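Have a look at the structure below before the remarks.
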């Protein structure tokens with residue numbers, strides 16, 4: 001076999017890439033889910049679909065790039081940034097040891113005006129990721145459990161139509177874009193302030209139900225209401241409410257801190273960690289659990 005080379009992934013590569021990922025990377029993810037890496041609707045003009053390694057006319061490596069134009073910042077200081085969710089980094093065994101996996105990543109992060117984030121990781125490639133300048137986005141999370149305490153003044157709206165009537169245009173866009181995916185939106189209110197919140201609710205190890213925070217429009221308000229959310233939302237069976245540490249500037253007393261199994265990473269010259277949430281990513285497209 002001739003030496004492979006790295007090039008942009010085009011839409012015409014979709015079937016070959018999906019076959020590679022399903023057959024050689026993770027057969028538990030259905031092919032139709034892999035196709036979502038190419039068919040997401042929130043960005044019409046996609047620059048590309050990541051990078052492939054091609055050898056002898058075959059696609060034998062892939063690193064996915066899911067693009068989204070996000071409004072980040074606080075209050076009236078919102079600005080638009082393009083954030084890229086890195087996904088599905090795989091290279092066929094026949095081509096390993098030639099530096100092609102590294103070359104794919106170097107090509108992926110070449111544009112310094114973009115922000116790149118890896119929200120799910122294997123421990124195996126972390127040495128390469130760190131050597132290329134990726135920094136730790138997150139290494140711990142906070143855990144709340146049900147306490148059956150009363151919480152005065154915290155109001156939670158779960159009806160999607162009611163939520164949409166009470167949020168701004170930008171937040172309505174989030175609701176519309178995330179509607180096809182397995183996320184649970186809530187509107188949380190306390191003392192006249194409100195926060196749009198998205199949870200991913202999935203069972204993980206030991207059959208514990210996890211309410212993972214994916215996004216909060218007002219992170220400080222979310223933290224103030226997290227105990228109330230845990231008491232009002234979590235079932236009596238084993239369940240936790242969790243938020244990555246970067247979303248929690250000051251953790252309340254009594255909250256459990258837990259290190260992540262594998263750290264999340266990012267590269268950016270423009271965006272700080274708490275501005276990078278878990279929406280518009282491979283997590284939704286592939287219906288993955290947040291580790």
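The values are calculated or read from the model by the stated rules, or taken from the named source; none is laboratory data. What you see is a predicted model, and the numbers here were worked out from it, not measured in a lab. Glycine gets a Cβ as well: all are built from the backbone with ideal geometry, and neighbour counts include every protein chain shown.
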Out of all the residues in region 1-34, which are in a helix (DSSP H, G or I), over 22 Å from residue 97 (Cα atoms) and in contact with a strand residue (DSSP E or B) (Cβ under 9 Å, 6 or more places away or on another chain)?
13, 16, 19, 34
Among the candidates 161, 172, which residue alone is closer than 25 Å to residue 44 by Cβ, modelled with pLDDT of 95 or more and in a helix (DSSP H, G or I)?
172
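Return the residues of region 244-265 that are within 14 Å of residue 121 (Cβ to Cβ) and out of contact with any helix residue (DSSP H, G or I) (no Cβ under 7 Å at 6 or more places or on another chain); say none if nothing qualifies.
Step one: filter region 244-265 for residues within 14 Å of residue 121 (Cβ to Cβ), giving 244, 259-265.
Those that are within 14 Å of residue 121 (Cβ to Cβ) and out of contact with any helix residue (DSSP H, G or I) (no Cβ under 7 Å at 6 or more places or on another chain): 244, 259, 260, 261, 262, 263, 264.
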Pairs needed: first member in region 262-278, outside the structural domain of residue 77 (by TED's automatic domain parsing) and surrounded by fewer than 21 Cβ atoms within 10 Å (Cβ to Cβ); second member anywhere, at pLDDT 95 or above and not in a strand (DSSP E or B); C-beta distance under 8 Å; at least 6 residues apart or different chains.
269/112; 269/113; 270/113; 273/246; 274/219; 274/246; 274/247
Among the residues of region 279-291 satisfying the criterion of being buried (at least 23 other Cβ atoms within 10 Å of the Cβ) and assigned to a loop (DSSP other than H, G, I, E, B), which is nearest to the chain's Cα centre (by Cα)?
281
When you scan region 92-105, do you find a residue that is closer than 23 Å to residue 274 by Cα, assigned by TED's automatic domain parsing to the domain that holds residue 33 and either free of Cβ contacts under 8 Å to residues at least 12 places away in the same chain or outside any strand (DSSP E or B) (or both), even just one?
no
